[in-house]
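Asks: Mind having a look at this structure? Questions to follow.
The values are calculated or read from the model by the stated rules, or taken from the named source; none is laboratory data. The shown structure was predicted, so the numbers you read here are calculated from the model rather than taken from an experiment. FYI the Cβ positions are ideal-geometry reconstructions off the backbone, even for glycines, and counts take in every protein chain you see. Side chains are part of the model used for accessible areas, which takes the heavy atoms of the whole protein and leaves out ligands, DNA and RNA. Shrake-Rupley method; radii C 1.70, N 1.55, O 1.52, S 1.80 Å.
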Amino acid sequence: MKKADTNKLKVAICGASGYTGIELLRILAFHPGVVITAVTSEKSAGKKVLDIFPFLAQYKNLVYEPMDREKLLQKADLFFLALPHGASQEAVHYFFSKGKRVIDLSADYRITDASTYAEWYGLMHNYNDTLRKAVYGLPEIYRKKIRKARLIANPGCYPTSAILGLMPALKSRLVDLSTITIDSKSGTTGAGRKADLGVSFCEVNEGFKAYGIATHRHTPEIEQEISSLAGKKVMVNFTPHLLPVDRGILTTIYARLTTQMDTKKVLSLYTQAFAAEPFVRVLSEGTFPNIKHVRGTNTCEIGAKVNPRTNTLIIVSAIDNLVKGAAGQAVHNMNLMMGFSET
């Protein structure tokens, strides 16, 4: 480590060869307050980051290593865990219990109720005490808690797009909670960097399909957070779709209005609600988000339209699933935890 790096925050990324891990490396390469001191990958252990990902030239001397928790403990002060669901549980508990700050990008600490997690993920949660200390890492809602937290449960990509899209409407009691329908489309990187026939090029190219209908695991996460915003239990219809593109999420939300409002008033309310948010952009009337426009950014774009014929509010949001939906939001959370500039 260079002398100039000694005062920087030492960061380890566990699972740094997956799509989310790669994005963390890309973003943090330009962070003035951080130095990456360790990266793990079971499949790529012993290989240099540069050898696998030539575009990450800043890490020419960084080598992937196996996830030996005791060795890693001495190398970093903050740990990003970009591990599969289930695999994060024990690792998060270990680093957190040893006094380290942890940002978990799996679903293992997002669901506050352990029985709900078990129902949707088919896994028992073995660390309830640690689970109770996790803060849901959506800065637009939990900024104050995140600043004081040592363990962040980074939100899922679909939930981020849906919760932000609904937040002002729920806080202002604009919609009938029993009528909320969430329709989302994601690029294939949402499935992770693994060999899987269902997301291979020939299966996805020139196709477009729904999946996980009424059973997708992000459903309880969405319901948990919008119920909190609404102040009562809410259940939604959530249907995800697979787009034949690499990255990006476009979410369209439908809900019946509880009062007569026009599009101009709704957009004014949304603009005020997000006025202080550096990573949310409310579009002008008649303009709607496009995943192309948020690619590679930590921005969530939101557009809205009232259908006066049915008195329905239609909200459209777009994010990059790997940035605002994962790595970018994780870095935003780190910045808040450590007192760095949010942006």
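Asks: May I ask you to derive the relative contact order of the chain, considering only C-alpha pairs under 8 Å and at least 6 residues apart, and to give it as an integer percent?
Replies: Result for the chain is 17 percent.
Asks: How much accessible surface does T188 have with a 1.4 Å probe, in Å² rounded to 10?
Replies: Accessible surface of T188 is approximately 30 Å².
Asks: List the trypsin sites (Lys or Arg not before Pro) within the range 1-62 that fall in a DSSP loop (any state other than H, G, I, E or B) and whose Cβ has at most 15 other Cβ atoms within 10 Å.
Replies: K2, K43, K47, K60
Asks: Lysine pairs, Cα distance under 28 Å, 8 or more residues apart or cross-chain: how many in the range 107-225?
Replies: Eligible lysine pairs with Cα atoms under 28 Å apart amount to 11.
Asks: Additional query: Can you give me the Kirkwood hydrodynamic radius for the range 194-334, using every pair of distinct Cα atoms, in Å to one decimal?
Replies: Working: mean 1/r = 0.0591 Å⁻¹.
Computed over Cα pairs of the range 194-334, the Kirkwood hydrodynamic radius comes out at 16.9 Å.
Asks: Relative to the first principal axis of the alpha-carbon coordinates of the chain, what is the inclination of helix 328-338, with its axis defined by its Cα atoms, in degrees from 0 to 90 and to the nearest 10?
Replies: Helix 328-338 and the main axis of the chain meet at about 70 degrees.
Asks: Which Cα, out of F80, Y19, F55, lies furthest along the positive dipole direction of the range 1-106 (beta carbon charges, K/R +1, D/E -1)?
Replies: Result: F55.
Asks: Can you give the calculated 222 nm mean residue ellipticity of the chain, where each DSSP H run of n ≥ 4 adds -39,500 (n - 2.57) and the sum is split over every residue, rounded to the nearest 500 deg cm²/dmol?
Replies: -9000 deg cm²/dmol
Asks: Keeping every protein chain in place, order E285, E23, E70 by accessible area at 1.4 Å, biggest value first, i.e. largest first.
Replies: Ranked list, largest accessible area first: E70, E285, E23.
Asks: Work through the residues other than W120 whose Cβ is under 14 Å from its Cβ and net out their charges, Lys, Arg +1 and Asp, Glu -1.
Replies: -3
Asks: I'd like to check one number: the per residue accessible area of the range 58-108, probe 1.4 Å, reported in Å² as a whole number.
Replies: So the range 58-108 comes to 44 Å² accessible per residue, rounded to a whole number.
Asks: Shifting gears a bit: As an exercise, find the ratio Rg/Rh for the range 36-157 from alpha-carbon atoms, using the Kirkwood inverse-distance average for Rh.
Replies: Here the Rg-to-Rh quotient is 1.00.
Asks: How many percent of the accessible area of the chain is carbon or sulfur, using a 1.4 Å probe?
Replies: On the way: 7990 of 15760 Å².
Using a 1.4 Å probe with all protein chains present, the chain comes out at 51 percent carbon and sulfur.
Asks: Angle between the Cα long axis of helix 219-230 and the longest principal axis of the chain, 0 to 90 degrees, nearest 10?
Replies: Relative to the chain, helix 219-230 is tipped by roughly 60 degrees.
Asks: Considering the values (1) 63, 45, 40; (2) 71, 55, 47; (3) 98, 48, 43, which represents Cα extents along the principal axes in Å as calculated for the structure under consideration?
Replies: (1)
Asks: Pairing the Cα long axis of helix 88-97 with the longest principal axis of the chain, what angle in degrees results, from 0 to 90 and rounded to the nearest 10?
Replies: Compared with the principal axis, the helix lies near 70 degrees.
Asks: Give the relative contact order (percent, whole number) for the range 35-194; include only Cα pairs under 8 Å separated by 6+ residues. Don't jump to the answer; show the numbers that get you there.
Replies: Values: 192 pairs, mean separation 24.1, N = 160.
Relative contact order comes out at 15 percent.
Asks: Looking at the chain, what % of its DSSP beta bridges pair antiparallel, to the nearest 5?
Replies: Of all bridge pairs located within the chain, approximately 45 percent are antiparallel.
Asks: Could you give the nm distance between label points at K264 and S227, where each point is 7 Å from its Cα heading toward the beta carbon?
Replies: Going from the K264 label point to the S227 one covers 3.9 nm.
Asks: Scan the chain and report its longest stretch carrying no chymotrypsin sites (Phe, Trp or Tyr not before Pro) that are both in a DSSP loop and have at most 13 other Cβ atoms within 10 Å.
Replies: Formally, the longest exposed-site-free interval is 56-207.
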